[in-house]
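Reviewing the structure listed below.
The values are calculated or read from the model by the stated rules, or taken from the named source; none is laboratory data. Keep in mind that what you see is a predicted model, and the values were worked out from it rather than measured. With ideal geometry, Cβ positions are generated from the backbone for all residues, glycine too; neighbour counts draw on all protein chains shown. Surface accessibility is based on the protein's heavy atoms, side chains included, excluding ligands, DNA and RNA. Shrake-Rupley method; radii C 1.70, N 1.55, O 1.52, S 1.80 Å.
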There are 2 protein chains.
Amino acid sequence: MGHAGAQDRPGGPGGTEPPDAPPAEAAPADGGAPAAGRAGRRPATTAAELARQALLIFDERGFDATTVDDIAAAAGIGRRTFFRYFQSKNDVAWGDFDAHLERMRAALAATPPQTPVLAALHRAILDFNTYPPSEADWHRRRMALILGTPALQAHSTLRYRRWREVVAEFVAERTGRAVTDLVPQAVAWAFLGVAVAGYEQWLTQPGAELTEILDRSLRLLVDGFAHSL
Amino acid sequence: MGHAGAQDRPGGPGGTEPPDAPPAEAAPADGGAPAAGRAGRRPATTAAELARQALLIFDERGFDATTVDDIAAAAGIGRRTFFRYFQSKNDVAWGDFDAHLERMRAALAATPPQTPVLAALHRAILDFNTYPPSEADWHRRRMALILGTPALQAHSTLRYRRWREVVAEFVAERTGRAVTDLVPQAVAWAFLGVAVAGYEQWLTQPGAELTEILDRSLRLLVDGFAHSL
DNA sequence: GGAAACAGTGACACTGCGTGCCACTAGCTC
DNA sequence: GAGCTAGTGGCACGCAGTGTCACTGTTTCC
């Protein structure tokens, strides 16, 4: 659940910057973006920029009423090229979720072994969904789109799979079970469930703080539902 | 999760109306023209029969490699007619899930008020997924298809929504909360999660009993995960 | 400087899902 | 029979996603 929109850029620094700043000569050795140096034609845009454009149109016109042609045209690329940046129209709403997910995996792996498993997950999921204020509004709009569009709701199941894998692998590793065992899988499914429930709750409350609601939702699971009923 | 394949027959009124006695032919097997009774042309087939045919082809050729034309042709109807029985190719895999779901709602509503909420859910979900041996094999194949096909996995999220509603409504009613509150929603999501985890586990174990694995999975949640870690 | 290698682009054609439209068919009642 | 009614299916359309292939811009090597 949740992720920043940041992605690596080919021609310049990453983040939320305009598409192509340096047309002639790419900035030498900027950060880690390996723009110049490689052979071949430079990409016309970036996945992050494409996702940004698409989200704007989705907001304006609705997901279903927006065609891939619309997005491609707005980004100044061909329709065929769009599908080289994203596997499907659905995927564009998520941006680069996997990269963000890697950070959660790393955070979990770095948890001290004596930390209880459930507490570690609780902590990691909250961190995973903590965003700087500058991205908060962006993130909210993205999640409102995803959780409010049936086609995206359905598709999100596939994106959540890797999220569950990360959780299940952690539980398996810490409790000496196989990843495919019932317990790690059930824990992963249950955490995903309460996280989504928290997100949905958050979206119904305009001014609310995501992490706060998420914290409440996760605690229901960690403490046991019986404790709250 | 889970449901029988039974559906209303064409000769009789649909949905919750009183069933009609099929005089001539009632066998869901192929061939026979269905029973009469009302004005207008008789349906060419039934949703249940169509689903049965489709599942056979999916088993043989795979979901993605099967086109709607294939299914329609096998059932002896036109492609356009197929979409009057099912909204999408995805839906055909589920058959009439909603009718089965109504029984779970009724079972929950009939639970004695003094029964603890979690115990009532535990019981109802197990009952909901208990099938007579004659349907067991059929059910397993259906669920293997659904949980093993990405397109259906994604789509199932939309079918699970009503399932979650039933659970959330029960929790809300019994605990004096609104259905939209965090607690009923989180409980519904969490139960769905562990139920799916149980199903997935069941499918990896050829000879296993569904209710038994489901029972273990649900208990993880009811007793609290901390209890098992 | 020029050729070759290379990465990325976009036009075109094709399959398949889902939908609106509409004429047609088959049952019933009067 | 006529008229009503419910269901059928052909046709055309829009749109997602994919394979193919010629083209374009960039670096590297001679």
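With a point put 7 Å past each Cα toward its Cβ, work out how far B:THR115 is from A:THR67 in nm, to one decimal.
5.3
Interface size between chain A and chain B, please: total buried accessible area, 1.4 Å probe, rounded to the nearest 100 Å².
2900
Please work out the FRET efficiency for the pair B:ALA99 and A:ARG216, using the Cβ-Cβ distance as r and a Förster radius of 25 Å; give the result to the nearest 0.05.
Calculated value: 0.10.
Order the peptides B:167-180, A:60-73 from the highest to the lowest mean number of other Cβ atoms within 10 Å of their residues.
Those peptides, ordered most packed to least, come out B:167-180, A:60-73.
Whenever you get a sec, line up B:ARG140, A:ARG216 from highest to lowest accessible area (probe 1.4 Å, protein heavy atoms).
So, going from the largest accessible area down, we get A:ARG216, B:ARG140.
Find how many whole Å separate the alpha carbon centroid of segment A:178-214 from the alpha carbon centroid of segment A:69-119.
Between the Cα centres of segment A:69-119 and segment A:178-214 lies a distance of 18 Å.
Take the Cβ-Cβ distance between B:ASP223 and B:THR130 as r, set R0 to 30 Å, and report the resulting FRET efficiency rounded to the nearest 0.05.
The pair B:ASP223/B:THR130 has a calculated efficiency of 0.90.
Using each residue's phi in segment A:143-154, evaluate 6.51 cos²θ - 1.76 cosθ + 1.60 at θ = phi - 60° and report the 3J(HN,Hα) Karplus result to the nearest Hz, with x for Gly and Pro.
Taking θ as phi minus 60°, the curve returns 5, 4, 5, 5, 7, x, 10, x, 4, 7, 3, 4 Hz for segment A:143-154.
How shielded is B:216-228 by partner chains, expressed as the average number of their Cβ atoms within 10 Å of its Cβ atoms?
Per-residue shielding by partner chains comes out at 5.
Once phi is turned into θ = phi - 60°, what whole-Hz ³J(HN,Hα) does the Karplus curve with 6.51, -1.76 and 1.60 give for every residue of segment A:171-176, x standing for Gly and Pro?
After applying 6.51 cos²θ - 1.76 cosθ + 1.60, I find 4, 4, 5, 7, 10, x Hz.
Please give the FRET efficiency for B:ALA106 paired with A:SER88, using the beta carbon to beta carbon distance and R0 = 30 Å, rounded to the nearest 0.05.
The formula returns an efficiency of 0.15 here.
Mind listing the phi-derived Karplus ³J(HN,Hα) values for segment A:187-196, rounded to whole Hz, using 6.51, -1.76 and 1.60 with θ = phi - 60°, and x for any glycine or proline?
4, 4, 4, 5, 5, 4, x, 5, 5, 5
Before anything else, pin down the relative contact order of segment B:95-211: Cα pairs under 8 Å, at least 6 apart, normalised by residue count, whole percent.
25
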